[in-house]
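*Asks:* One structure follows; several queries about it will come next.
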Amino acid sequence: MDLRLVERCQRGHADAFRELVDRYQTRIFNMAYRMLHDREEAEDITQEAFLNVFRAIDSFKGDRFSPWIYKIASNLCLDRLRRRRLPTVSLDAPVNADMDVAREIADSTSLPEEEALSEALGVDIQRAIDSLPERYRVVTVLRHIEDLSYEEIAEVLGIPLGTVKTRLFRAREMLRARLSDSL
């Protein structure tokens, strides 16, 4: 079904692209939200992913569309996470001894939708997943929340199948250890 839509997109049918967006938008947003923990960034990533798909649809030669779009979206998420870690410092900003440097701290309050999501998934489980190092959290989200196969995860992340299995095993061990106290 997806391949027929992709072929129609490649022939210039806008309605086929709209159908692909309708089919995958929620899934891509959910994956981005779980990776980034920020609604606005997840919306931006979702939009950017579909823009990239639109631009590159003619170059799609694969047999499965789903791993391709997940790879695009997860790469965008990983890029965004990397940028978060690298603080931007202006080289033009004046520096003096009296300058008070304040760090911005993210607001820990959450939106009602976020609270409902946390409750639905189980607060303890969500916290445990959130506390995983990025490389383990990503494979956990893709496998257990987005329900991708090991092979699809390997394809999306561009890592060997054995690495996916190892990371999932280690992630489960970390989750088991973190959740053993709360269960």
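*Asks:* Report whether or not T26 is under 17 Å from the mean Cα position of the chain (by Cα), surrounded by fewer than 12 Cβ atoms within 10 Å (Cβ to Cβ) and of a type in the set (S, T, Y).
*Replies:* Judged against the criteria, T26 is a match.
*Asks:* Being of a type in the set (V, I, T) and either in contact with a helix residue (DSSP H, G or I) (Cβ under 8 Å, 6 or more places away or on another chain) or modelled with pLDDT of 90 or more (or both), is that true of even one residue in the stretch 81-94?
*Replies:* No: the stretch 81-94 contains no residue that is of a type in the set (V, I, T) and either in contact with a helix residue (DSSP H, G or I) (Cβ under 8 Å, 6 or more places away or on another chain) or modelled with pLDDT of 90 or more (or both).
*Asks:* Let me ask something additional. Can you run down the residue pairs with Cβ atoms below 7 Å, 6 or more apart or on separate chains, where the first is in the stretch 163-177 and part of a helix (DSSP H, G or I) and the partner is of a type in the set (F, W, Y)?
*Replies:* Pairs found: V164/Y150; K165/Y150; R167/Y136; R170/Y136; A171/Y136; M174/Y136.
*Asks:* Return the residue satisfying two criteria in turn: it lies in the stretch 145-160 and is surrounded by 13 or more Cβ atoms within 10 Å (Cβ to Cβ) and in a helix (DSSP H, G or I), and of such residues it is modelled with the lowest pLDDT.
*Replies:* Looking at residues that are surrounded by 13 or more Cβ atoms within 10 Å (Cβ to Cβ) and in a helix (DSSP H, G or I), I get I145.
*Asks:* Give the residue, chosen from R167, R137, that is surrounded by 15 or more Cβ atoms within 10 Å (Cβ to Cβ), charged (D, E, K, R) and touching a Lys or Arg at 6+ places or on another chain (Cβ under 8 Å).
*Replies:* R167
*Asks:* Answer with yes or no whether L142 is touching an Asp or Glu at 6+ places or on another chain (Cβ under 9 Å) and modelled with pLDDT of 80 or more.
*Replies:* yes
*Asks:* Let me ask another. Please verify whether the stretch 70-78 includes one or more residues that are at pLDDT below 90, touching a Gly at 6+ places or on another chain (Cβ under 8 Å) and either exposed (fewer than 13 other Cβ atoms within 10 Å of the Cβ) or in a helix (DSSP H, G or I) (or both).
*Replies:* For the stretch 70-78, residues at pLDDT below 90, touching a Gly at 6+ places or on another chain (Cβ under 8 Å) and either exposed (fewer than 13 other Cβ atoms within 10 Å of the Cβ) or in a helix (DSSP H, G or I) (or both): present.
The values are calculated or read from the model by the stated rules, or taken from the named source; none is laboratory data. What you are looking at is a predicted structure, and each value in this text was computed from that prediction instead of being measured. Neighbour counts run over all protein chains shown; Cβ positions are idealised from the backbone, glycine included.
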